[in-house]
Amino acid sequence: MIVDRRVVIAALGTGQLLAWGSTFYLPAVLAEPIARDTGVAVPTVFLAFSVAMGGSALVGPWAGRTIDRWGGRPVLIATNLLFAAGLVALAAASGPVSLFLAWGLIGLAMGAGLYEAAFATVVRLYGSGARDAITGITLLGGFASTVGWPLSAWMAAEWGWRGACVGWAVLHLGVALPLHAALPRPSAAGGDVAPAADGGTGGASAPPPEGAAGAVADVPGGAGRTMALLAFVFAATWFITTAIAAHGPRVLQAAGTGAAAALAVGALIGPAQVLARLMQFGPLRRADPLGVARLAALGHPIGVAALLVAGPALAPVFAVLHGAGGGLMTIARGALPLLYFGPIGYGERQGRLMLPTRIAQALAPYLSGLALERWGAAALWGSALLGLSAWLALRALRGPARQA
C-alpha cells in the first residue's frame with residue numbers, strides 16, 4: 001500500500017494520463033480507421049464519443065457519493081476494469097450498434113474515472129489540505145495529449161487501430177489498476193463522508209477530525225447560488241476547451257494560418273497547460289483560487305482577440321493563452337468547490353457540479369463544428385463571449401468566509 005503523499009499523487013496522475021489518453025484523445029487519431037472498418041461515417045464515430053460523454057454525466061454523482069463513503073480505491077479499480085472492457089469491445093466493433101455499445105461502456109468508466117474521481121480521492125484522504133495534490137494530479141494528467149496522440153498513432157501503425165485499443169486496455173490493467181489498488185484506504189476517522197452541505201445525500205458519516213471542517217461561502221443566495229454559478233463556469237469553459245481540442249487546427253487555418261503552422265501552433269496548447277499548472281507550485285501557490293480562476297477565464301477571450309484582430313502572426317499567443325487558461329481552470333474545478341464547501345460531501349458535490357459540464361462537452365464538437373462551417377474563424381467571437389460570461393459569473397462570486 002502506498003503511504004507517501006507524493007507517490008499517491010504520482011499514482012493518481014498516471015492513472016489520469018492513461019484515462020484521458022485512451023478516451024478523450026482517442027478519436028482524434030483513430031476516428032478515420034474506425035469509421036472505415038466499421039462502415040460508418042467519421043462524424044458517427046464522434047457522435048458515439050459524444051453520447052459516451054453525455055452518458056458519463058449520469059454516473060458522476062453516484063461515483064462521488066461512493067468515494068465520499070469508501071474512498072477512491074474501489075471506484076478507480078472498477079473504472080480500470082470498465083475502461084479495459086470498453087476498449088476491447090471497441091476493438092471488436094464491426095458496425096454502428098457494437099460501436100455505440102463499446103463507447104457506452106467507456107462512457108460509464110469516464111463518468112467515474114476522470115479528474116473528478118481523482119480529486120475526490122485526495123480530498124477524502126487529505127481533507128482541506130488537498131489543493132496541492134489536485135494541482136499535482138492535473139500536472140501529470142496534462143500530458144495526456146502529449147503522450148496519448150503519438151502513442152495511439154504508434155500502436156495503430158504497428159498493430160492497426162484495433163490493436164491500439166487493446167494496447168490501451170492492457171495499460172489500464174497492467175499499469176493503472178495496480179497503481180490504484182495500492183492506494184491507501186481512508187481512515188474511518190477521516191470524516192469526509194458526511195452529506196454534502198448543499199443538500200446532497202452522502203453515506204453514513206463519522207465526525208470530522210479537528211481542523212477538517214471546510215469553508216462555507218458567504219455569498220448572497222447561499223450555497224445553491226454558488227453551486228449554480230460554479231456549474232455554469234465549468235460548463236462554459238469546458239465547452240470551449242473541448243471545441244478547440246476537436247477543431248483547433250481547422251480554426252487556426254480558418255484564421256489564416258497555414259496547415260503545417262496550424263499543427264505546430266496547436267502543439268503549444270499542451271505545454272502551456274502544463275506550465276500554467278507548474279506555476280501553482282511557484283508564484284501562484286498562495287494565490288487566491290478565485291482570483292486565479294478569474295484570470296484563467298480571460299485567457300481564451302484575450303487570445304481570440306489577439307488572433308482575430310492582429311491576424312495569424314499572433315496565433316501562438318492565442319494557443320498559449322488558451323492553453324494556460326484551460327490548464328488553470330482544470331485546477332479550479334477541483335479547488336473552488338473545496339474552497340467554498342470544504343471536504344465533507346466533496347465527491348458527490350463534484351459529480352453534481354459536473355453534470356452540465358459533461359453535457360457541454362458532449363455537445364461541443366458538433367455545435368462548434370457547425371459554427372465553424374457557417375462563420376469560419378469569426379465563430380471564435382462566440383467562444384470568446386462564452387469565456388467572458390464565465391469570467392462575469394466568477395466576478396459574481398465573493399470569497400468565502402471561514403467559519404470556526
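The values are calculated or read from the model by the stated rules, or taken from the named source; none is laboratory data. On a predicted model such as this, the values are computed, not experimentally measured, just so you know. Cβ placement follows ideal geometry from the backbone for every residue including glycine, while neighbour counts extend to all protein chains displayed.
Of a type in the set (Val, Ile, Thr), under 20 Å from Leu173 (Cα atoms) and in the same structural domain as Pro43 (by TED's automatic domain parsing), is that true of Thr138?
Numbers: of a type in the set (Val, Ile, Thr): yes; under 20 Å from Leu173 (Cα atoms): no; in the same structural domain as Pro43 (by TED's automatic domain parsing): yes.
Against the criterion (of a type in the set (Val, Ile, Thr), under 20 Å from Leu173 (Cα atoms) and in the same structural domain as Pro43 (by TED's automatic domain parsing)), Thr138 does not qualify.
The single residue among Leu17, Leu26 that is modelled with pLDDT under 90 and out of contact with any strand residue (DSSP E or B) (no Cβ under 8 Å at 6 or more places or on another chain) turns out to be Leu26. Beta carbons closer than 8 Å, at least 6 apart along the sequence or on distinct chains, pair a first residue in region 339-353 that is under 16 Å from Gly129 (Cβ atoms) with a second that is of a type in the set (Phe, Trp, Tyr) and modelled with pLDDT of 85 or more for Tyr346/Phe119. The combined condition, being assigned by TED's automatic domain parsing to the domain that holds Ala231, of a type in the set (D, E, K, R) and either under 23 Å from Ala379 (Cα atoms) or buried (at least 22 other Cβ atoms within 10 Å of the Cβ) (or both), is fulfilled by Arg277.
For every residue, the table says whether it meets (1) at pLDDT below 75; (2) surrounded by fewer than 21 Cβ atoms within 10 Å (Cβ to Cβ); (3) among the aromatic types (Phe, Trp, Tyr).
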| position | (1), (2), (3) |
| --- | --- |
| Arg124 | no, no, no |
| Gly148 | no, no, no |
| Trp161 | no, no, yes |
| Val170 | no, yes, no |
| Ala189 | yes, yes, no |
| Asp192 | yes, no, no |
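Take the conditions (1) surrounded by fewer than 21 Cβ atoms within 10 Å (Cβ to Cβ); (2) more than 17 Å from the chain's Cα centre (by Cα); Val51 misses just one of them, which is (2). Please find, within region 59-97, the residue that is surrounded by the most Cβ atoms within 10 Å (Cβ to Cβ) out of those that are touching a Ser or Thr at 6+ places or on another chain (Cβ under 9 Å) and of a type in the set (Val, Ile, Thr). For region 59-97, the residue satisfying everything is Ile67. Quick one: would you say Gly221 is crowded, with 19+ Cβ neighbours inside 10 Å and modelled with pLDDT under 50? Answer is no for this residue.
Of all residues in region 342-376, those that are aromatic (Phe, Trp, Tyr) and surrounded by fewer than 19 Cβ atoms within 10 Å (Cβ to Cβ) total 2. Every test in (1) closer than 16 Å to Ala236 by Cβ; (2) at pLDDT below 90 is passed by Leu328 save one, and that test is (2).
If you go through region 62-84 one residue at a time, do you hit one that is free of Cβ contacts under 8 Å to residues at least 24 places away in the same chain, assigned to a helix (DSSP H, G or I) and not aliphatic (A, V, I, L, M)? Taking every residue of region 62-84 in turn, at least one turns out to be free of Cβ contacts under 8 Å to residues at least 24 places away in the same chain, assigned to a helix (DSSP H, G or I) and not aliphatic (A, V, I, L, M).
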